[in-house]
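The values are calculated or read from the model by the stated rules, or taken from the named source; none is laboratory data. Quick caveat: nothing in here was measured; it's all calculated off a predicted structure. For neighbour counting, all protein chains shown are included, and Cβ atoms are generated from backbone atoms with ideal geometry for every residue, glycine included.
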There are 2 protein chains.
Amino acid sequence: MVSATDAPVIDLLGLIAAGELFAFETLARDSALANDLDAKAALGEIACREFGHFRDVVDRLRATGADADAVIAAYLPIMSEFHNKTAPRDLLEGLLKAYVGDGIAADFGREIAAFVDPETQQFLDGALSESGQAEFVVPYVQQALAEDPGAAGRLALWGRRLMGEALAQAQRVAADRPDLAELVVGGPDQSGAGLAEFAQMLARMTESHSQRMRNLGLAP
Amino acid sequence: MVSATDAPVIDLLGLIAAGELFAFETLARDSALANDLDAKAALGEIACREFGHFRDVVDRLRATGADADAVIAAYLPIMSEFHNKTAPRDLLEGLLKAYVGDGIAADFGREIAAFVDPETQQFLDGALSESGQAEFVVPYVQQALAEDPGAAGRLALWGRRLMGEALAQAQRVAADRPDLAELVVGGPDQSGAGLAEFAQMLARMTESHSQRMRNLGLAP
């Protein structure tokens, strides 16, 4: 079992912090795209909660003695690429991205918790536990689909693209950060789930994503 | 003296809430433009504090029994026009806008406080008192100017344009919302400062803006 100050755990926290920071920026951008005050307020609320998580992870990294800035900065290019490749063209795409992204992040947090020490596990439970905060998106998307059923095809494709890009960036993380990959898969010096269990984990996350798409009335 | 539930006071709170909401969105956008983590974290921090102020004003409006959504929504087009007309082309322009905008908003809050009831006055003191939060911008701008002295002319012009647009939108508010204008200037049924004092108020705000520009080493 790894300890709270092991390099792969620190690395993982850096990835999560970078993810939260970009979630904040993306949600705030969606707030700016929204015209009605309810949507603006809801998106701003979630954006600032994500920023609060970011700050919590930074504090946690500093508490472990890690150079939080360097650890997080290493993940900024990957996050930046993900968000540049999945820049929503309108509010509806932004809302779907918020919903899908929130879900993937929560799934990832749950899955990864199995591989870290109990202290980090407890921290992750706290920091990432507010899943479902993007649920407010569901009626918005459903209403938009009721008004314009033709949008369903475009949004279904968009959802697939989001999941595809998330998996592509996950592979890039695994290639660039072998420590982090070993935390999950295992390696010469480290126990882990093995590749079969890793594949199962991705399958579970993909199924969970498909379920969310179906909840919205979209083909997964 | 007006009371806390008078239309002009409610109107004023709507204007302030709309301002805070757009400040949040703009600052979050600047965070996304920034490449280094320090700037991202600082801008995100201020953005979320502005969002917190927005929420405080919404709560305050609801506590007075006002239809917060309608009151705030009335100001969204004006704020939207201001921000569309002053969209920063890069991070440096964004930072200057954050600094200048924060200053103008704080000045406005101080000036307007003289015309409202003590209860609203106290609320404004609390909600808008965190002025100077954009001070972190100063060393960034100074460093950028040290590295590229040629940017000073462009930024000085940018600062003038920001103040000019703020005054233009203030005039639009005064024309569109006579109740609010009368709160300051006075009217048939209401005491107020009169046009001469109103002109003085704008002169003080302009001088205060000029001083901030000089602090940055820019010609006002």
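Looking at region A:160-176, is at least one residue part of a helix (DSSP H, G or I), modelled with pLDDT of 85 or more, on the phi < 0 side of the Ramachandran plot and touching a His at 6+ places or on another chain (Cβ under 7 Å)? Yes; the residues of region A:160-176 include at least one that is part of a helix (DSSP H, G or I), modelled with pLDDT of 85 or more, on the phi < 0 side of the Ramachandran plot and touching a His at 6+ places or on another chain (Cβ under 7 Å). Checking the stated criteria, B:LEU37 turns out not to satisfy the condition of being of a type in the set (A, V, I, L, M, F, W, C) and under 17 Å from B:ASP102 (Cα atoms). Among the residues of region B:114-128, are any within 28 Å of A:LEU33 (Cα to Cα) and over 15 Å from the mean Cα position of the chain (by Cα)? The answer is no; no qualifying residue exists. Checked against the criterion of being modelled with pLDDT of 90 or more and assigned to a helix (DSSP H, G or I), the candidates B:LEU124, B:LEU155 yield just one match: B:LEU155.
Within region A:7-17, not a single residue is buried (at least 18 other Cβ atoms within 10 Å of the Cβ), assigned to a helix (DSSP H, G or I) and in contact with a Gly (Cβ under 7 Å, 6 or more places away or on another chain).
Among the residues of region A:29-44, those that are out of contact with any Gly (no Cβ under 7 Å at 6 or more places or on another chain) and without any contact (Cβ under 8 Å) to a residue 60 or more places away in the chain comprise A:ALA32, A:ALA34, A:ASN35, A:ASP36, A:LEU37, A:ASP38, A:LYS40, A:ALA41, A:LEU43, A:GLY44. Scanning region B:49-75 for residues that are within 21 Å of B:ASP176 (Cβ to Cβ), surrounded by fewer than 21 Cβ atoms within 10 Å (Cβ to Cβ), touching a helix residue (DSSP H, G or I) at 6+ places or on another chain (Cβ under 7 Å) and of a type outside the set (A, V, I, L, M, F, W, C) returns a single hit, B:ASP69.
Taken over region B:177-188, the criterion of being surrounded by 15 or more Cβ atoms within 10 Å (Cβ to Cβ) and either hydrophobic (A, V, I, L, M, F, W, C) or part of a helix (DSSP H, G or I) (or both) is satisfied by B:ASP179, B:LEU180, B:ALA181, B:GLU182, B:LEU183, B:VAL184, B:VAL185.
Residues satisfying the criterion are absent from region A:130-146 (criterion: under 18 Å from A:VAL57 (Cβ atoms) and surrounded by 19 or more Cβ atoms within 10 Å (Cβ to Cβ)). Within region B:18-72, being under 22 Å from B:ALA87 (Cβ atoms) and polar (S, T, N, Q) holds for B:THR26, B:SER31, B:ASN35.
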